[in-house]
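Have a look at the structure below before the remarks.
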Amino acid sequence: MYAQMIKSEASTEDPKQLKEFQAKIDDNIKVEPRDWMPEGYRKTLIRQIGQHAHSEIVGQLPEGNWITRAPTLERKMILLAKVQDEAGHGLYLYAAAETLGVSRDDLTEQLLSGKMKYSSIFNYPTLNWADIGAVGWLVDGAAIMNQVPLQRTSYGPYSRAMIRICKEESFHQRQGYDIMMKMAQGTETQKKMAQDALNRLWYPSLMMFGPSDAESVHSTQNMAWKIKMNTNDELRQKFVDQTVPQAQYLGLTIPDENLTWNEEKGGYDYSDPDWSEFFDVLKGNGPCNVDRLEARNKAWDDGAWVRDGLMAHAEKKRAAKTAAE
Ligand code: FAQ
């Protein structure tokens, strides 16, 4: 249906402009906010950048929950800084989306009312400290795998935001791996916690790359527009190939009996996640969907006085400036 909508919009647009636009994309020339762009391209970017921004914001919740319970002062400082980085990523991305003519308030309203999506992974709970290690290692690891190619995405402001974000994400992944290393080399109980965290977060991490290529509705058009640089399955495969040796180094086992090295393809064969679970989480039925939206709505309501205060202050300054002129 979405693809049809984009097609019908394209049919009312000037074929010459559409052709020139595609030629520009094919020549790897970045599209900038004031340039002409097809309406479908603009809408798709708002959807993807908006969902991405919301993911960074909601993604603070599972880890933020553990700041007060980090095991040492050093771990607490690192986690606090990481969660703050995620907030910053959300802000760069909202700013990039605003260049497409949508306001941050509009996007926030769509998140809070459940109209816009955020990454499925953040609807899973973080039950203990090992989960914080696994989130950094697997979730940030999957995020980087997806985001490094997005540095070359065709829309200038998104591409530049991704360059800044990727620099920080690689530290996030390393801090997660470092926690896993300590746990995996710790007591028997700690090692069990690390394995349990991997067992629970492995398949949800694979789901982060989106449905299989056969089920992905947007991939073909988005790759033609170079909004997306790789298919979902290509990136998922790269993630598996990168992560399996890391798990082996930790002495942990990927929870997949079918995991085998395939010499011919030069990668691992692995089991697909349970796609019915994925689509169910997208519909709002994951373990934490309700909690996550409640937490964001509460934060928005609790912050109303700050926004009102800032607006009143800005109005006062504007009035004083006008009076002085
Ligand atoms: N969760 O046709 P496709 C992070 C939806 S950032 C929820 O394949 P597309 C940092 C999709 O929107 C993580 N929904 O779609 C961090 C579409 O629905 P719609 C976020 C999903 O756009 C770490 C439908 O399924 N990263 O983690 C998911 O071509 C730690 C059909 O799918 C980004 O957003 C999903 N996993 O490909 C923060 C990166 N997958 O809109 C805190 C940018 C698919 O038609 C702590 N986004 N859907 O209703 C992308 O690269 C793409 O949008 C994909 C999906 C690959 C996510």
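What follows draws every value from the coordinates through simple rules; no lab data is involved. Since the structure is predicted, the reported quantities are computational estimates derived from the model, not experimental observations. With ideal geometry, Cβ positions are generated from the backbone for all residues, glycine too; neighbour counts draw on all protein chains shown.
Here residue 69 and residue 182 are evaluated by their C-beta separation; at R0 = 22 Å the FRET efficiency comes out at 0.90. Relative contact order of the chain: 18 percent, from C-alpha pairs under 8 Å at least 6 residues apart in sequence. Across bins of 5 angstrom width beginning at 0, how are the C-alpha pair distances of segment 92-139 distributed, in whole percent? For segment 92-139, the pair-distance distribution reads 5, 17, 18, 17, 12, 17, 11, 3, 0.
Two numbers describe the Cα atoms of segment 256-298: Rg and Dmax, which are 17.0, 52 Å. In the chain, the DSSP-assigned H stretches of four residues or longer account for a calculated mean residue ellipticity at 222 nm of -21500 deg cm²/dmol, using -39500 (n - 2.57) per stretch and the full residue count as denominator.
Here the label points at residue 301 and residue 163, each 7 Å from Cα along the C-beta direction, are separated by 4.3 nm in the simple model. What whole-number distance in Å separates the alpha-carbon centres of segment 97-115 and segment 252-317? When both Cα centres are located, 17 Å separates them. Between residue 112 and residue 99, the modelled label-to-label distance comes to 2.7 nm, taking each label 7 Å out from Cα in the direction of the beta carbon.
Excluding same-chain neighbours fewer than eight residues apart, the lysines reachable from residue 191 by a Cα-Cα span under 25 Å are 76, 82, 182. Rounded to 0.05, the FRET efficiency of the residue 24 and residue 313 pair, given R0 = 45 Å and the Cβ-Cβ distance, is 0.55. Here the alpha carbons of segment 233-322 define both size measures, Rg and Dmax, at 24.4, 72 Å. Ignoring solvent entirely, what values of log10 I(q)/I(0) come out of the Debye formula for the chain at 0.06, 0.10, 0.12 Å⁻¹ when each Cα is a single scatterer? Taken in order of the listed q values, log10 I(q)/I(0) reads -0.24, -0.64, -0.90. For the chain, the residue among 303, 119, 89 whose Cα projects farthest onto the positive side of the dipole built from Cβ charges is 303. Under a model in which nothing but the beta-carbon of Lys, Arg (+1) and Asp, Glu (-1) is charged, the chain shows a dipole of about 1060 debye around its Cα centre. Considering just Cα atoms, how many Å³ per residue does the convex hull of segment 168-225 enclose? Residue-normalised Cα hull volume stands at 90 Å³. Near residue 24, which lysines are there with a Cα under 25 Å away, not counting those fewer than 8 places off in the same chain? Within reach: 7, 16, 43, 226, 228.
Once divided by 2.2 N^0.38 Å, the Cα radius of gyration of segment 1-157 becomes 1.24. Highest-first packing order for the peptide set 244-251, 124-131, 220-227 is 124-131, 220-227, 244-251, based on the mean count of other beta carbon atoms within 10 Å.
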